[in-house]
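Asks: Can you keep this structure in mind? I'll have questions shortly.
Just so you know, all these numbers are worked out from the coordinates, no wet-lab data involved. Here the structure is a predicted model, which means the values were calculated and not measured. Quick reminder, even Gly has a Cβ in these numbers, built from the backbone with ideal geometry, and neighbours come from all protein chains shown.
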Amino acid sequence: YRQPKMRAFHDPSQEDEREAHAAQWELNYVALDGTVGCMVNGAGLAMGTMDIVNLHGGKPANFLDVGGGANKERVSEAFKIILSDDNVKAVLVNIFGGIVRCDMIAEGIIGAVKEVGVKVPVVVRLEGTNAELGREVLKNSGLDIIAAESLTDAAEKVVAAAEGK
């Protein structure tokens with residue numbers, strides 16, 4: 001709080017349970033009403049991701065920014081939070097690897113999907129440092145993870161998956 005006196009007015013019982021859990025992991029999460037779970041690094045990219053999902057006929061189930069430290073633990077918690085919403089029918093992971101390499105992010109996604117036991121389709125779009133290697137890691141994981149080549153491709157695939165197509 002920028003104004004310390006305001007801290008006294010904070011009432012945790014008024015917070016959304018998933019949003020409070022996300023805050024403990026330094027994840028920025030806002031619940032929405034759709035069926036497409038979104039896990040993205042960067043608030044601007046997250047907003048753009050939600051817009052393009054909407055443009056292709058889907059409805060985002062959440063805003064979730066994993067931030068710059070998209071490690072396995074945070075990605076696992078993000079999946080748990082997203083999947084605690086029974087309305088989620090598919091998840092779109094959209095990561096831009098600038099400083100963080102996409103192949104390392106892919107390993108984190110694979111580990112998280114295994115740990116959490118994800119039962120809905122997962123579409124992953126990786127862009128940036130070692131993106132091609134990251135897509136290869138996902139492809140060779142043996143898991144049912146759908147790799148996307150572009151943001152448009154990712155949106156089309158996740159909307160189709162959420163609709164059961």
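Asks: Could you pull out every residue, at least 5 positions away or on a different chain, whose amide H is within less than 5 Å of the one on Val124? Hs are placed 1.01 Å off N in the peptide plane, and Pro or chain starts have none.
Replies: Hits under the 5 Å cutoff: Val93, Ile146, Ala147, Ala148.
Asks: Next up: When you count, for each residue, the other Cβ atoms within 10 Å and take the mean per peptide, how do 75-83, 88-96 rank with the highest first? Mind dumping the intermediate values first?
Replies: Working: 75-83: 22.2, 88-96: 24.9.
Packing order, densest peptide first, comes out as 88-96, 75-83.
Asks: So how far apart, in nm, are the two label points at His56 and Gln24 if each is 7 Å from Cα heading toward Cβ?
Replies: Between His56 and Gln24, the label points sit 3.3 nm apart.
Asks: Per-residue HN-Hα couplings for the range 22-32, Karplus 6.51 cos²θ - 1.76 cosθ + 1.60 at θ = phi - 60°, whole Hz, x for Gly and Pro?
Replies: 3J(HN,Hα) across the range 22-32, in whole Hz: 4, 4, 5, 9, 6, 9, 8, 10, 9, 6, 10.
Asks: In degrees from 0 to 90, rounded to the nearest 10, what is the angle of the helix 43-55 Cα long axis to the longest principal axis of the chain?
Replies: 60
Asks: Name the shape class, rounded, prolate or oblate, that the alpha-carbon gyration tensor gives for the range 27-162, where a ≥ b ≥ c are the square roots of its eigenvalues, rounded holds for a/c under 1.5, and otherwise prolate holds if a/b is larger than b/c and oblate otherwise.
Replies: Working: a/c = 1.31, a/b = 1.26, b/c = 1.04.
Rounded, because the longest to shortest axis ratio a/c is under 1.5.
Asks: If you don't mind, there's one more thing I want to ask. Pop out the ³J(HN,Hα) list for the range 132-139 in order, Karplus 6.51 cos²θ - 1.76 cosθ + 1.60 with θ = phi - 60°, rounded to Hz; leave Gly and Pro as x.
Replies: The phi angles translate into 4, 4, x, 5, 5, 4, 5, 4 Hz.
Asks: Shape verdict for the range 36-75, please, from the Cα gyration tensor: rounded (a/c under 1.5), prolate (a/b greater than b/c) or oblate.
Replies: prolate
Asks: Further, regarding this structure: Between Ser13 and Glu136, what is the label-to-label distance in nm when each label sits 7 Å out along the Cα-to-Cβ direction?
Replies: 5.6
Asks: Measure nothing fancy, just the Cα-based angle from helix 72-83's long axis to the longest principal axis of the chain, in degrees from 0 to 90, nearest 10.
Replies: It works out to around 80 degrees.
Asks: Hey, another quick one. What shape does the range 13-79 have by the C-alpha gyration tensor, where a ≥ b ≥ c are the square roots of the eigenvalues, rounded means a/c under 1.5, and otherwise prolate means a/b greater than b/c and oblate the rest?
Replies: Working: a/c = 2.13, a/b = 1.33, b/c = 1.60.
Oblate is the answer for the range 13-79, as a/c is 1.5 or above yet b/c matches or exceeds a/b.
Asks: Here's a follow-up. In whole angstrom, note down how far apart the Cα centers of the range 1-32 and the range 59-127 are.
Replies: Centre-to-centre (Cα) distance: 22 Å.
Asks: Report ³J(HN,Hα) in whole Hz for each residue of the range 94-104, in order, from the Karplus equation J = 6.51 cos²θ - 1.76 cosθ + 1.60 where θ = phi - 60°; Gly and Pro get x.
Replies: Values, residue by residue: 10, 10, 9, x, x, 6, 7, 6, 5, 5, 5 Hz.
Asks: Would you please put 5-12, 26-33 in order of how densely packed they are, using the mean number of other Cβ atoms within 10 angstrom per residue and starting with the highest?
Replies: Values: 5-12: 7.9, 26-33: 16.0.
Ranking the peptides 5-12, 26-33 by packing returns 26-33, 5-12.
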